[in-house]
1. Looking at 254, 308, 258, 322, which one is under 20 Å from the mean Cα position of the chain (by Cα) and under 30 Å from residue 211 (Cα atoms)?
2. For the stretch 113-129, which positions are out of contact with any Cys (no Cβ under 9 Å at 6 or more places or on another chain) and under 28 Å from residue 284 (Cβ atoms)?
3. Restricting attention to the stretch 186-200, does a residue exist that is farther than 30 Å from residue 323 by Cα, assigned to a loop (DSSP other than H, G, I, E, B) and within 29 Å of the chain's Cα centre (by Cα)?
4. Just name the residue that is surrounded by the most Cβ atoms within 10 Å (Cβ to Cβ) out of those in the stretch 131-165 that are small (Gly, Ala, Ser) and without any contact (Cβ under 8 Å) to a residue 24 or more places away in the chain.
5. Looking at 223, 193, which one is without any contact (Cβ under 8 Å) to a residue 12 or more places away in the chain, loosely packed, with under 13 Cβ neighbours inside 10 Å and not assigned by TED's automatic domain parsing to the domain that holds residue 279?
6. Could you figure out which of (1) free of Cβ contacts under 8 Å to residues at least 12 places away in the same chain; (2) assigned by TED's automatic domain parsing to the domain that holds residue 91; (3) assigned to a helix (DSSP H, G or I); (4) of a type in the set (Gly, Ala, Ser) isn't true of residue 296?
7. Have a look at 378, 355, 366 and point out the one that is more than 18 Å from residue 32 (Cα to Cα), part of a loop (DSSP other than H, G, I, E, B) and hydroxyl-bearing (Ser, Thr, Tyr).
8. Mind checking which pairs have a first residue in the stretch 335-354 that is free of Cβ contacts under 8 Å to residues at least 60 places away in the same chain and a second that is aromatic (Phe, Trp, Tyr), Cβ under 6 Å, 6 or more apart or different chains?
Amino acid sequence: MPGLAVKMVEPTGGFQIHDRMIRFNLFVPRLYNWCKSLGFEPGKIMPSRAFCADESQGYPVIMIAKHFGTFPFNHGRVGGVVATSRHGPFAAHGQDLVIVQASHVGYDPETKKFGMYRRAQTTHGECSSNCGKIQNLISWYQNEYEFARQNILLHNDDGNKIVIVDNQLLREDREEGLFLRLEKIISADEEGRWNTLRVLSTARTFSPTQEFVDAMGEAAFNRVTPQAIGKRLTADRFYFQRGISPMAEGVHHLEHNLIRYMPQIVTSAAPTLTAAEINTQVEFDRMFRSIVKDQAYKGKKVLFIAGLNIDISPEPGTRFPLTKYVPWAAYVQDRDGYYFTLEQQELVQTLMQQSADNPHQIDLESAIATMASSDEISIEA
């Protein structure tokens, strides 16, 4: 299977979390009240969630059930990918429709780092990666990046600045791996050929471009011994190629979503956070078109909102995480087919204008008690 080469690194950005976070127990009633302001009929609204399978996503599901009065349909695949193949069944289950998508990332308030979550049900309450699917996926790319960081060396030879590049990183016939944008690192001759200064046992030496020298700084080439490029290997100087099966929803879908952005992800100060943000952006863009084109949504009121769940580990004595939702964008459709989208700032403002009080919320304990005390119904086979 040919590898997927993404030589054009697409720009990322625009996703803001500061001053955009809403505690989930306050986000959902505001979302419900926004739906009412749009003409959605209480008691006839069918919600759906598109979350990862991680247990940390259970609390948001409970909040949706509490405020919308029914357990939500499931549009979610692991990693926060939306199962668009489920549009038809979902649309048939309600008069007015709401879909809430969220990629997710853990947060440790003690270390103030993203990507970890305390698993209270483990033997000693150990922490593990969150989202585990995203971390597992990007780890291969992080390993390739770390190798490149340690095996591109900066030095000088009798006063001449040189770059020492590992042989593997120079091979363009590889099926997968990290590939350097050599034109942004080493000088070429008049015919465009890389001018090798010296052949070593596992590497070659080259003269750097002036732009590369300026970016690295003069001092980087003046150490007593060769110095690894380290974190100075920035996202614009490499790309990834990997053999991934052709895209099919739910099969390598998350990796297809992220690979073109992997240089930005692995060089980020918080890779799992950056990956989760990007996946939310990609999924909203994809879902927008799938809803507009799907006949199942014709003649329906629809609200689709995409964002990020930040999972703060439960404190001792508490059951659930303090989940915060960061809205990214929303799609709103009326029954006559008119629709519009809201970008992040306008979306957050719209939600914050809604009341956090929901008179239609249900008492889950009472609902469960009523169900438990109801008369037995015999099932005849």
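The values are calculated or read from the model by the stated rules, or taken from the named source; none is laboratory data. Remember, it's a predicted structure, so these values are computed and weren't measured experimentally. Positions of Cβ are backbone-derived with ideal geometry, glycine not excepted, and every protein chain shown enters the neighbour counts.
1. Working: 254 fails: under 30 Å from residue 211 (Cα atoms); 308 fails: under 30 Å from residue 211 (Cα atoms); 322 fails: under 30 Å from residue 211 (Cα atoms).
The conditions single out 258.
2. 113, 114, 128, 129
3. No, that holds for no residue.
4. Filtering first and then ranking leaves 139.
5. Values: 223 fails: without any contact (Cβ under 8 Å) to a residue 12 or more places away in the chain.
Exactly one of 223, 193 is without any contact (Cβ under 8 Å) to a residue 12 or more places away in the chain, loosely packed, with under 13 Cβ neighbours inside 10 Å and not assigned by TED's automatic domain parsing to the domain that holds residue 279, namely 193.
6. Single failed check for residue 296: (1).
7. Numbers: 355 fails: more than 18 Å from residue 32 (Cα to Cα); 366 fails: part of a loop (DSSP other than H, G, I, E, B).
After ruling out the rest, the residue left standing is 378.
8. 341/331
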